[in-house]
Amino acid sequence: MSTAEDEAGARRPGEVAVTLPERTDAGVHFIGRIRTPWTRREECPKNPASSDAPCTIELDPRFAQGLADLETFSHVIVLYWMDRAARDLVVQRPRSHGAPRGVFALRSPARPNPIALSCVRLERIEGTHLHVRGLDCLDGTPLIDLKPYLPSIDCHPDASFGWKTADTTTRQHGKAS
């Protein structure tokens, strides 16, 4: 059993794993680490919206100049590498949504490239440390990138919720609509 599989636990009924390619197509430079209060997966929030815990993003000092003017934004998009997640699952069975789902229809960290995204509230920047709220990752998670959140580009009020719409209706009313 691989380390990622040990961390992720046993596969749930209905889950499907694939054999991963032997080599990668591109390289990623981690630009820092994320500090959170969570050291075990069970402690970690299921999504960034359910977390208001104070967290710190520690940017590698060589990228410090890239923070210029970021303090003028209230929110920042954080891209991070869920380094302890399984990478071979293409169908998963989420704990909270019983039915198996394709990995690309989920926000789960277990995916071929375990890239996660959170839009966090930026409280302040001190040197190369960003103090934020709204993350859902384990302490020490590698940071991939930071981008300013721009409501005119990043907000889509007319977006649909896909399968989650039916799932939410079922949970609220006890039956599918």
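Every number in this text was worked out from the coordinates using simple rules, so none of it is lab data. Computed from a predicted model, the values in this text were never measured in an experiment. Note that each Cβ is placed from the backbone with ideal geometry, even for glycine, and that neighbours are counted across all protein chains shown.
What number, in percent, do you get for the relative contact order of the chain if the mean sequence gap of Cα pairs under 8 Å and at least 6 apart is divided by its residue count?
Across the chain, relative contact order equals 31 percent.
How far, in degrees from 0 to 90, does helix 163-173 lean away from the longest principal axis of the Cα atoms of the chain, to the nearest 10?
70
Provide Rg over Rh for region 78-159; use the alpha carbon set for both Rg and the Kirkwood Rh (inverse mean inverse pair distance).
1.01
Quick check: residue separation of R121 and A68 times 0.36 nm, minus the Cα distance between them. What number comes out in nm?
17.4 nm
So how long is each side of region 25-117 along the principal axes, counting just the alpha-carbon atoms, biggest first, in Å?
45, 35, 24
Among V76, V91, what is the fewest-to-most ranking by other Cβ atoms within 10 Å?
Ascending Cβ contact count within 10 Å gives the list V91, V76.
Tell me whether the chain comes out rounded, prolate or oblate; compute the Cα gyration tensor, take square roots of the eigenvalues as a ≥ b ≥ c, and use a/c under 1.5 as the rounded threshold.
oblate
Kindly provide the helix-only [θ] at 222 nm of the chain, computed as the sum of -39,500 (n - 2.57) over DSSP H runs of four or more divided by all residues, to the nearest 500 deg cm²/dmol?
Computed mean residue ellipticity for the chain: -3000 deg cm²/dmol.
Who wins for biggest fluctuation among T165, T72, T141 in a Gaussian network model of the chain, springs between alpha carbons below 10 Å?
T165
For region 74-166, which chymotrypsin sites (Phe, Trp or Tyr not before Pro) pass both filters: DSSP loop (anything but H, G, I, E, B) and at most 15 other C-beta atoms within 10 Å?
F161
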